[in-house]
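See structure below.
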Amino acid sequence: QGTRDHPPAQAALRDRLLSAVVSCFKRHGAAAIDTPVLELREMLIGKYGEGTKLIYELKDQGGELLALRYDLTVPFARYLAMNKITNIKRYHIAKVYRRDNPAMTRGRYREFYQCDFDIAGQFDPMIPDAECLKIVHEILSDLQLGDFLIKVNDRRILNGVFAVCGVPESKFITACSTVDKLDKMPWEEVRSEMVGEKGLSPEAADRIGEYVQLHGGLDLIERLLQDPKLSQNKLAKEGLGDMKLLFEYLTLFGITGKISFDLSLARGLDYYTGVIFEAVLLQQENEHVEEPVSVGSVAGGGRYGGLVGMFDPKGRKVPCVGVSIGIERIFSILERRLEASGEKLRTTETQVLVATPQKHLLAARLKLISELWDAGIKAEMLYRKDPKLLKQLQYCENTGIPLAAIVGEQELADGVVKLRDVATREEVRM
């Protein structure tokens, strides 16, 4: 359950999708890394909030308690700490594992790909963070998935909101994971979870509600900077100051039209310490709807300052900011779109089929195809001694091979090859 095989057409679509993502990561100067699919169990426990219960734990093997990696961020932090790296821009594309209840139709699996881009190092505030948002904007625009919105918030602003609303610090993280459900549940349900399950007072919950239902842009940031309660909170003030700077950089990148400062965004992972963001695809249900409907998150990320220090024996911190592209959900959307269009996707890259029109010419085909392969040309032939020419040309049409190189008795005598364009049926002798 929760895993899938990919036949050639799906694998080809996935390749096309991943190469678009990788070319964006490379355009921004990232180097690739890879880490083992197994991690020590203790490395993963306690890093994912409520997600910790979804970690795939393995039995003791050779004296080590292991688990399958849950994401690519924690292994990255462990890699930085182990190798004493304080400065890197990296991308990593690999499978991760979650012991989840799979919902295959919504793109939720137990084994799935993640595509991560991270910048680690001590830099001036918000410059790398702005670049991460630009990357999300570039990839979603490039893939032409339709309208999207990137929601941005900051963990410090959220913690400041909780503080001024009277939430004890010990309950910040659980309050955070409840606020994170606002995109899936109405405020009334979130409020009752806060009061009923998380033990917050009804007054605190109502005060939180006044803030977390706000969203906007620079104007909202300015308004909150003047807010009598929030402006007195050191953390919130820092977060709002950085958010203002971030919006200035995003304005220079020309992408603020797709960005919303949204106080309900919480991202339920424990390791975020600063800016957090999430991209959602929007769907106009019909022409009369003022507010477009979100069809789910397709990218997310944020700043995490303390994660590397957790793995470093001396507790040395390396500030990081990163983004993860939700490749499985995007893949599901593109797959459905391809099915609906009826377009046939080529599953191979063969440039030419070596064909013969008469019998007893297998040797000529083998010699010619060998020359083509040695010259780096992608070539195929049918595995029959004496195939009919029609059958060979039909194979080209079925698989999308654009050219056929035909060698018959006449061509052999003249020392030429007849090159046929399969689509137009034009032929030239070479």
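The values are calculated or read from the model by the stated rules, or taken from the named source; none is laboratory data. Note that this is a predicted model, so its numbers are computed, not measured. Cβ atoms come from the backbone with ideal geometry, glycine included; neighbour counts cover every protein chain shown. What goes into the accessible areas is simple: the full protein's heavy atoms, side chains included, and nothing from ligands, DNA or RNA. Shrake-Rupley method; radii C 1.70, N 1.55, O 1.52, S 1.80 Å.
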Residue in the stretch 27-38 that is basic (K, R), surrounded by 20 or more Cβ atoms within 10 Å (Cβ to Cβ), modelled with pLDDT of 95 or more and under 17 Å from the mean Cα position of the chain (by Cα) present: no
Residue in the stretch 236-255 that is modelled with pLDDT of 90 or more, surrounded by 13 or more Cβ atoms within 10 Å (Cβ to Cβ) and either of a type in the set (V, I, T) or outside the structural domain of V152 (by the TED database) (or both) present: yes
Residue within the stretch 5-24 that is open to solvent by less than 40 Å² (accessible area, probe 1.4 Å) and assigned to a loop (DSSP other than H, G, I, E, B) present: no
Complete set of residues in the stretch 357-394 that are closer than 15 Å to R420 by Cα and either assigned to a loop (DSSP other than H, G, I, E, B) or open to solvent by 70 Å² or more (accessible area, probe 1.4 Å) (or both): P357, M381, L390, K391, Q394
Checking D227 against (1) open to solvent by less than 70 Å² (accessible area, probe 1.4 Å); (2) closer than 23 Å to C132 by Cβ, the condition it does not meet: (2)
Cross-chain or 6+ apart pairs with Cβ under 6 Å, the stretch 241-256 first and in contact (Cβ under 8 Å) with a residue 24 or more places away in the chain, then open to solvent by 10 Å² or more (accessible area, probe 1.4 Å) and assigned to a helix (DSSP H, G or I): F247/L218; L250/T256; F253/K134; I255/H137
Counted residues, the stretch 40-67 - those being farther than 25 Å from T174 by Cβ and of a type outside the set (G, A, S): 8
Selected residue (only one of V167, V195 is outside any helix (DSSP H, G or I), more than 31 Å from the chain's Cα centre (by Cα) and either free of Cβ contacts under 8 Å to residues at least 60 places away in the same chain or not assigned by the TED database to the domain that holds Y249 (or both)): V167
Condition check for L334: surrounded by 12 or more Cβ atoms within 10 Å (Cβ to Cβ) and either out of contact with any strand residue (DSSP E or B) (no Cβ under 9 Å at 6 or more places or on another chain) or in the same structural domain as V136 (by the TED database) (or both): yes
Qualifying residues in the stretch 299-315 (those that are of a type in the set (D, E, K, R) and modelled with pLDDT under 95) - the one surrounded by the most Cβ atoms within 10 Å (Cβ to Cβ): D312
Test: residue in the stretch 277-289 that is modelled with pLDDT under 95, under 21 Å from the mean Cα position of the chain (by Cα) and open to solvent by less than 10 Å² (accessible area, probe 1.4 Å): yes
Residues being hydroxyl-bearing (S, T, Y), open to solvent by 10 Å² or more (accessible area, probe 1.4 Å) and within 17 Å of I276 (Cβ to Cβ) - total across the stretch 175-209: 1
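Table: residues versus (1) of a type in the set (A, V, I, L, M, F, W, C); (2) under 30 Å from A11 (Cα atoms); (3) not assigned by the TED database to the domain that holds A12.
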{"position": "P357", "(1), (2), (3)": "no, no, yes"}
{"position": "L366", "(1), (2), (3)": "yes, yes, yes"}
{"position": "D386", "(1), (2), (3)": "no, no, yes"}
{"position": "C396", "(1), (2), (3)": "yes, yes, yes"}
{"position": "T399", "(1), (2), (3)": "no, yes, yes"}
{"position": "P402", "(1), (2), (3)": "no, yes, yes"}
{"position": "A423", "(1), (2), (3)": "yes, yes, yes"}
Top-ranked residue of the stretch 95-148 - restricted to ones that are open to solvent by 10 Å² or more (accessible area, probe 1.4 Å), aliphatic (A, V, I, L, M) and in a helix (DSSP H, G or I), ranked as modelled with the highest pLDDT: I127
Residue in the stretch 72-80 that is assigned by the TED database to the domain that holds E328, aromatic (F, W, Y) and either open to solvent by less than 30 Å² (accessible area, probe 1.4 Å) or touching a Cys at 6+ places or on another chain (Cβ under 9 Å) (or both) present: yes
Residues that are within 21 Å of C24 (Cβ to Cβ) and more than 18 Å from the chain's Cα centre (by Cα), drawn from the stretch 86-102: I88
For I401: the one exception among (1) more than 38 Å from the chain's Cα centre (by Cα); (2) assigned to a loop (DSSP other than H, G, I, E, B): (1)
